[in-house]
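One structure is given here, and the rest of the page talks about it.
The values are calculated or read from the model by the stated rules, or taken from the named source; none is laboratory data. Just so you know, these numbers come straight off a predicted model, no measurement behind them. When we count neighbours, we look across all protein chains shown, and the Cβ atoms used for this are built from the backbone with ideal geometry, even at glycine. Just so you know, the surface numbers come from the protein's heavy atoms only, side chains and all, with ligands and any DNA or RNA stripped out. Shrake-Rupley method; radii C 1.70, N 1.55, O 1.52, S 1.80 Å.
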Amino acid sequence: MLGLQRFAGTFVTQLYRRAAYSSNVRVAGVPLTTAGGQTDGGEPESRTPAAEAVAKKPRGNMVAAAFESLKNDNPKDESKNLASSKIDERIINAKTVNGLLAITENNTAFSRKHALRIVSILAEWSTLDRVKISEFENDTRFLRICRMLGRTVPKSNGNNNKTVADTNSASKRISGFRTDDLNTVLGVAGDDEAAKLIASISLPQMVKVMSTLAQRKRRSTPLLRSLAFNISSAPEALDLKQSADVLYAMSTLNFQDSVLGAKVCADVQTALPKNVEKSAVVGSIITSLGILRYRDLDILESLTQWLLKNSEICRPQDLSAYFLTSALLNFKSAQLEEVSNKLVKSIVREDFTKQSEWLSFVWSLTMLGLVEHNHLASVLSADFLETLEKDKGGVTATSKMRLLNLNSYAHLLATDYKGPLLSADSSVYQVPMAHPKSKQTLVNGMLDALKSLLPASNHFQSAVDSKMGFLIDALCHFDANRNPLPLDKENPNAVRVALMVIDFHDICHGTHRSGSGVTNLTFDLLEKSGYHVIPVPYNEFSTSDKLLKRVQYLEAKFKAIASSK
């Protein structure tokens, strides 16, 4: 029955994780339509033949089959499950070390799952100084548990006159159970079985396991999903440090999970007002949200209010992280004017040890509409480029693209800007740009449809360098009657159209999905340059669709532009 409940819970969780980015809505915070085809993990969902078969069954048949399977359970299995449940109950009720270890004696139903629970409890008791390691480290029953879990804890020589070295050695032998729960979990078996054991450990230990996975760059999907499910289901709340650790692990491992994200954000909002001393943990949370592209307007507004209230104790890097995350998540606070007056003005160029960090700060202000002329002038001057080259990494491709964004913004969107711009022969324009493989697949599918829709290859261009820090996926011209025009001939009255593919990584996820700040800046620059922008989002346009359907999709987009004139 527990398995059936878990299946139902997982099914509901997955159902609520689906969301999509609509090409017709670009305003932050507007509810967007949903569509299938992509999970929060960034890859299309795949379904096994068994899952397909279940999906095709009528609901009544599925329920009937589930109850039938329960009736047909082997009586031996029922007896085994009953014995296992009794052991679980004894573990819960045990109050002493001896009480715990006595459960292992003459008990054929004792399993590695029970062993892990006992070790977890002993680890927690020793951490709280409720028991001493010396009370059980040499107990044969404890050593048997260690061997069952695939761990070796050598027995000491029995001498009561222990040296300091002996004591330290004993502490090290047991420290894995107290501070490295990942070893305990993964030492049991493979990822799948380890994932089943996650429910047997406490919430703080689950957080430790997730943190250790991040430290080791171990992206075990079954284990991460089990951690996400069990942490999200835990009745107790995470404290601020635990919340920061979970978000850090999610961002490090690129693990998107909307249910876990919602749980963590809710717990952060509860714990945030109590923190009045340190800004580092808040800065960590803000940074992780930006890396994850997790957009929850409520938590972002709460973080804004906390920074405004505690600005005196905030480090410059924490404030800078706030602006960069807000920009990436296309978030503009309701208190934006106060943010500008109080927080922006508290950061100066000297606060940053690297010139690239100052560049990122100015770039983020640009996407938020908070940049001032002196900010733009400070990074577009020839002197800044020379200083940037002295950074440890030199002038990277990312820095060049951001400089080109800022140069275009200063030229096209900044009102009455009179400061310096990049020279036409600047080395910044020499930047290699290419899409990730997943996005290039979508672009190729769009180009195939364009070839069928337009009369000749000279009627469109692909991978056009905009000189503004990004590629135009496809460019074509039309006359007033929607007739395509060749690009190799001058047509001053032509309607210029830029087609831009929007893939999973170009949007923000979480509670309030939206195009990212970078995506919006790109569209703003193109529109100001005289282009009609056609977004081609991944949830509306798929390479798995037949060519005719893709052609009809683009044709409808072209007609919409013509009718809007």
Inside the range 390-427, can you point out the residues that are open to solvent by 50 Å² or more (accessible area, probe 1.4 Å), farther than 10 Å from L376 by Cβ and among the aliphatic types (A, V, I, L, M)? M401, L413, A424
How many residues does the range 437-447 hold that are open to solvent by 70 Å² or more (accessible area, probe 1.4 Å) and within 9 Å of V551 (Cα to Cα)? 0
Considering only residues that are basic (K, R) and in a helix (DSSP H, G or I), look in the range 525-564 and name the one that is farthest from M500 (Cα to Cα). K549
Among the residues of the range 322-339, which ones are within 21 Å of L289 (Cβ to Cβ), free of Cβ contacts under 8 Å to residues at least 40 places away in the same chain and either of a type in the set (S, T, Y) or out of contact with any helix residue (DSSP H, G or I) (no Cβ under 8 Å at 6 or more places or on another chain) (or both)? Y322, T325, S333
Do we have any residue at all in the range 448-459 that's under 16 Å from I534 (Cα atoms) and among the hydroxyl-bearing types (S, T, Y)? no
Looking only at residues that are part of a helix (DSSP H, G or I) and at pLDDT below 95 in the range 242-259, which one is least open to solvent (accessible area, probe 1.4 Å)? S258
When (1) open to solvent by less than 80 Å² (accessible area, probe 1.4 Å); (2) modelled with pLDDT of 80 or more are applied to R130, the one that fails is (1)
Among the residues of the range 332-340, is there at least one that is within 22 Å of the chain's Cα centre (by Cα) and outside any helix (DSSP H, G or I)? yes
If you go through the range 424-434 one residue at a time, do you hit one that is in contact (Cβ under 8 Å) with a residue 24 or more places away in the chain, β-branched (V, I, T) and in a loop (DSSP other than H, G, I, E, B)? yes
Taking G515, is it closer than 30 Å to S251 by Cβ, at pLDDT 90 or above, small (G, A, S) and surrounded by 15 or more Cβ atoms within 10 Å (Cβ to Cβ)? yes
Here are some conditions: (1) outside any helix (DSSP H, G or I); (2) more than 26 Å from L403 (Cα to Cα). G469 meets all but one. Which one does it not meet? (2)
